[in-house]
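The values are calculated or read from the model by the stated rules, or taken from the named source; none is laboratory data. Computed from a prediction, not measured in an experiment: that's the story for all the values here. Using ideal geometry, Cβ is built from the backbone for each residue, glycine included, and neighbour counts are taken over all protein chains shown. For accessibility, only protein heavy atoms count, side chains too; no ligands or nucleic acids. Shrake-Rupley method; radii C 1.70, N 1.55, O 1.52, S 1.80 Å.
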Amino acid sequence: QLRFGKIVFLVVALAAVGQFANTIYVPAMTMIAASLKINAEQAQWLMTAYLLPYGCTQFIYGPLSDLYGRRPLILIGLSIFLGGSCLTVFATHFTTLLSGCLIQGLGAGVAGVMARTVMRDCYHDHKLYRANSIIALVLILAPLLAPVIGGLLSAYLGWRSDFIFLFLLCSIILVVEYFLFPETHLNRPRDPHFQLSPLLAKYRQAFSSRSFKGYLLCMAFSFAGIAIFEASAGILLTRVLHYSPKIVSLLFVLPIPGYMLGSYGASYINRYWSLQSILRLSLSVITSGVLILLIPALLQVINIYVILIPVTIYMFGTGLLFPTAITAALNPLGEIAGTAGAILGGVQNLCAGVLTGLFTFIPQTTQRPLALALSCCCISILLIYRYLLRPTPL
């Protein structure tokens, strides 16, 4: 069996590239807007341009990795990301920068698949849950830590340094993966010719599972809430609450302990609680966080505390939810783990990209749009649990 620490490190490094690219420039959005002569809401389209191809390409990378292996797809995806990073570094117009982010998303889709698939190749049962807890932590932790780096870089070196950092990071990870990543999908077909019919059969097999659809949609809407917060926080904290990009980058760190505590707690209580019990706890915590955010927003009270405290609680709930949902969704689908992982990552990021894109059309002068958007996500999650995941009485 492959060494646990080595595989986790390589997958974490791969996932970090994709997640950093999503939010590293958030504190610099107003700087980008001023430099490229656009408004701040338009700058939010960079996140949508990244997330949509990031989600769509996972439907391609997953099945192809089932046929040709994980390693070659990882190297191809990172190479595409590197090309997009070159474009962002030298962009002098917003359309060029937007195109570079889109190409980055096309390449980074491979990270979204492998973060959910490689662990299923290598481990089972509690070890799989432990690995998924670590990966789920990185998938949320990296896009929250990235603005810290991005804010400091942009404050001292300008917004373009954020994209130079992504180029250098991807270059290093590409070399590391090339020399160290072993092939983990050892049961792939001996004659790996791409055929549409078997591919569609795999998608039908995954979607035929009622519970898989439920866990998939719960993850999609909970992640969309985080993406909406990431997209709005830069504007709320800089333009509405008048914090500098350097301070905003530090404020982004504050909700992180909530997610870390949730993810760690999930891996610990999994020894004693059922997945269904952990799921119910996570939904209760997410709902509490949304209510605490919504009430001050309706009362027109806005400050840093009424935004970050409820978001931290929301993060705690998602920290409980993500490893639980990934494990419960993929465990029964080992033979099509690549395809199932692609569906999980693809739908999750497509949902986040679409909802974040729609959210950019709403003027953000208070936290009320953020609170209402997270409320809609929360209601969707509760309805999904009610109709797809709640155990039916005997």
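Which value, in Å to one decimal place, does the Kirkwood hydrodynamic radius take for the stretch 177-289 when every pair of different Cα atoms is included?
Kirkwood radius, the stretch 177-289: 18.7 Å.
How large is Rg/Rh for the stretch 289-394, to two decimals, with Cα atoms and a Kirkwood Rh?
That ratio is 1.04, to two decimals.
How much of the accessible area of the stretch 231-305, in percent, comes from carbon and sulfur atoms when a 1.4 Å probe is used?
Carbon and sulfur: 69 percent of the exposed surface of the stretch 231-305.
With the Cα gyration tensor of the stretch 346-394 in hand, convert its eigenvalues to equivalent ellipsoid semi-axes via √(5λ) and list them largest first in whole Å.
28, 14, 5
Would you be so kind as to identify which of Cys86, Cys56, Gly109 lies farthest towards the positive end of the dipole of the stretch 1-159, taking Lys and Arg as +1 and Asp and Glu as -1 on Cβ and the Cα centre as origin?
Going by the charge dipole, the pick is Gly109.
Starting from the Cα gyration tensor of the stretch 220-264, take the square roots of the eigenvalues, sort them a ≥ b ≥ c, and report rounded, prolate or oblate (rounded when a/c is under 1.5, otherwise prolate if a/b is larger than b/c, else oblate).
Note, shape of the stretch 220-264 comes out oblate.
Give me the Å³ per residue figure for the convex hull around the C-alpha atoms of the stretch 233-286.
Per-residue hull volume (Cα only) is 78 Å³.
Where a ≥ b ≥ c are the square roots of the eigenvalues of the C-alpha gyration tensor, would you call the stretch 124-166 rounded, which needs a/c under 1.5, or, failing that, prolate if a/b is larger than b/c, or oblate?
It comes out prolate by the Cα gyration axes.
Quick one: Karplus J couplings for the stretch 83-98, per residue in order, coefficients 6.51, -1.76, 1.60, θ = phi - 60°, nearest Hz, x for Gly and Pro?
With coefficients 6.51, -1.76 and 1.60, one gets x, x, 5, 4, 5, 5, 4, 9, 5, 10, 10, 4, 5, 5, 5, 5 Hz.
Pairs of Cα atoms under 8 Å, at least six residues apart: use those to get the relative contact order of the chain, whole percent.
28 percent
Taking every pair of alpha-carbon atoms in the stretch 88-147, what share in percent sits in each 10 Å bin, from 0 to the bin with the longest distance?
20, 34, 28, 13, 5, 0
Quote the convex hull volume per residue of the stretch 62-220, based on C-alpha atoms, as a whole number of Å³.
Value for the stretch 62-220: 149 Å³ per residue.
Compute the orientation-averaged projected area for the stretch 142-189 from the convex hull of its Cα atoms and round it to one decimal in nm².
Projected over every direction and averaged, the Cα hull of the stretch 142-189 covers 4.9 nm².
Rounded to the nearest 20 debye, what is the charge dipole size of the chain about its Cα centre when +1 sits on each Lys and Arg Cβ and -1 on each Asp and Glu Cβ?
On the way: 23 positive and 10 negative charges, 117 e Å.
My answer is approximately 560 debye.
Between Leu186 and Leu200, what length in nm is gained on full extension when 0.36 nm per residue of separation is reduced by their alpha carbon distance? Walk me through the numbers before you get to the answer.
Values: separation 14, 0.36 × 14 = 5.04 nm, distance 2.19 nm.
Length difference between fully extended and current span is 2.8 nm.
Measure of size requested: the Rg and Dmax of the stretch 1-101, with Cα atoms as the atom set and Å as the unit; please supply both.
Values for the stretch 1-101 (Cα only, Rg and Dmax): 16.1, 54 Å.
Which whole-number percent of Cα pairs in the chain have a distance greater than 39 Å? Each step should come with its number before you reach the end.
Details: 9621 of 77421 pairs.
Summing the P(r) of the chain above 39 Å gives 12 percent of all pairs.
Which of Ile362, Ala297, Ile343 sits farthest toward the positive end of the charge dipole of the chain, with +1 on the Cβ of Lys and Arg and -1 on the Cβ of Asp and Glu?
It is Ile343, whose Cα lies furthest towards the positive end.
What dipole magnitude, in Debye to the nearest 20, does the stretch 71-206 give about its Cα centre under +1 on Lys/Arg Cβ and -1 on Asp/Glu Cβ?
340 debye
Calculate the length of the line joining the C-alpha centroid of the stretch 95-113 to that of the stretch 247-294, in whole Å.
29 Å
So what's Rg/Rh here for the stretch 307-352, counting alpha carbon atoms and using the Kirkwood radius for Rh?
1.11
So what is the relative contact order for the stretch 65-170, in percent, with contacts set as C-alpha pairs under 8 Å and at least six apart?
Once divided by the residue count of the stretch 65-170, the mean separation gives 28 percent.
Mind putting together the pair-distance distribution for the stretch 238-334? All Cα pairs, 10 Å bins, whole percent per bin, short to long.
The distribution over the stretch 238-334 is 16, 38, 28, 14, 4, given as percents.
So how compact is the stretch 28-71: Cα radius of gyration and Dmax in angstrom?
Cα radius of gyration and Dmax of the stretch 28-71 are 16.4, 46 Å respectively.
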